[in-house]
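The values are calculated or read from the model by the stated rules, or taken from the named source; none is laboratory data. Bear in mind that the values here come from a model prediction, so they are computed numbers and not experimental data. Every residue, glycine among them, receives a Cβ derived from its backbone with ideal geometry; neighbour counts consider all protein chains shown.
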Amino acid sequence: MNPPLLRLPLLLGLFYLSYFALVGVYIIFLPKMLAASGYSAAEIGAVFAASPTMRFLLPFLFRRLGSVSRRIYLGALLGTFASALLFFATLQNFAAFFAANLLYGAAMGVILPYVDTLALQTIRKERYGRVRLWGSLGFMGIALWLGHVLETPLQSLLYLAGLAALTLLTGWMLAPYDHAEEETTEHGEGFSLLRHWAFWLSAFLLQLSFGGFYNFFTIYETAHGISLEMTSWLWSFGVLCEIAMLYWQGPLLRRDLLGLLEFAVATTVLRWGILWLWPDSLPAAFIAQSLHAVNFALYYSAAIAYIFELYRQKKLAQQFFLGITFGLGGSLGALLAGWIYEWAPRELFLVEAFVALAAWLAIRLHRYRKARHG
């Protein structure tokens, strides 16, 4: 008996809320816990390189296996919860904790593309944003909550395990809705990175340009006289703009998806340029943060919808998108931003603007090649 479709948007919303709240605990509070537990900066850096590295490598494995099956997805849900429990047992041993993070990164890297594909298969792409926004609420909510109540480093592991359990529960309940057990469908073309290499290059470069924002925005703004409290409001404002876009973007996704991607990438160039030109201006910083609605929310929704329409191997394509952007692009972007900020901190967002410009040129090239060759 098929599960009632009326429950699907609610289940998807609960899943995204728990998944991204889990992400929030991991990236916001776990570094502080590791530092309080005696980990060096180099060890913390190595731990947080494990997850994006696994996200990048996994799609190549699944390409050889031929599919991302429901069994693998359910195993990844169990792996996420198991790794969260392993964090308790391995915290005092760097090598063991690093291995647990490899498992965590691999499992989390399977889950999100699978659910994104399921969502696009079962609800209209115009409704995707209104479901996905619960993830942004979960991320922001856990950040605000734990920022007030967290007292001991170990508490972050307790929240991590609890949210991993909730992700396991909601993700498991979603599995019966996936009726496309086979990876391929009759719609789209066979998966190939080389055929549309300019699109994949653009996606990689765009995420590369976010390295300075994700890793050094707070440092950059406070170094230019904006208070830490106001910088936290800038972060929250960006997330609120993201939520607003996710809620109202439905009509936009009925239009030319490739055109939306071009526009989103172009505004990223503008965003980094504003931060470079006026680093000590609070109004300029808020204007730049308002563009997060386009650079992240609209771009992400349009990109996964475009990939969904482009390829027959839909789950595999989403795996590669996550791996190439948030995996390879995220890890190399952090390294690049660190090098730039060490040698020329004032020019950080100028360089990021040029990287985003290269991403825009690549997506323009992709449109030209697609129009010419199909």
Of everything in the range 337-359, what is modelled with pLDDT under 95, among the aliphatic types (A, V, I, L, M) and more than 9 Å from Ser209 (Cα to Cα)? Give them in sequence order.
Ile340, Ala344, Leu348
Among (1) in contact (Cβ under 8 Å) with a residue 40 or more places away in the chain; (2) within 22 Å of the chain's Cα centre (by Cα), Ser232 falls short only on (1)
Looking at the range 217-241 only, could you name the residues that are in a helix (DSSP H, G or I) and of a type in the set (Ser, Thr, Tyr)?
Thr218, Tyr220, Thr222, Thr231, Ser232, Ser236
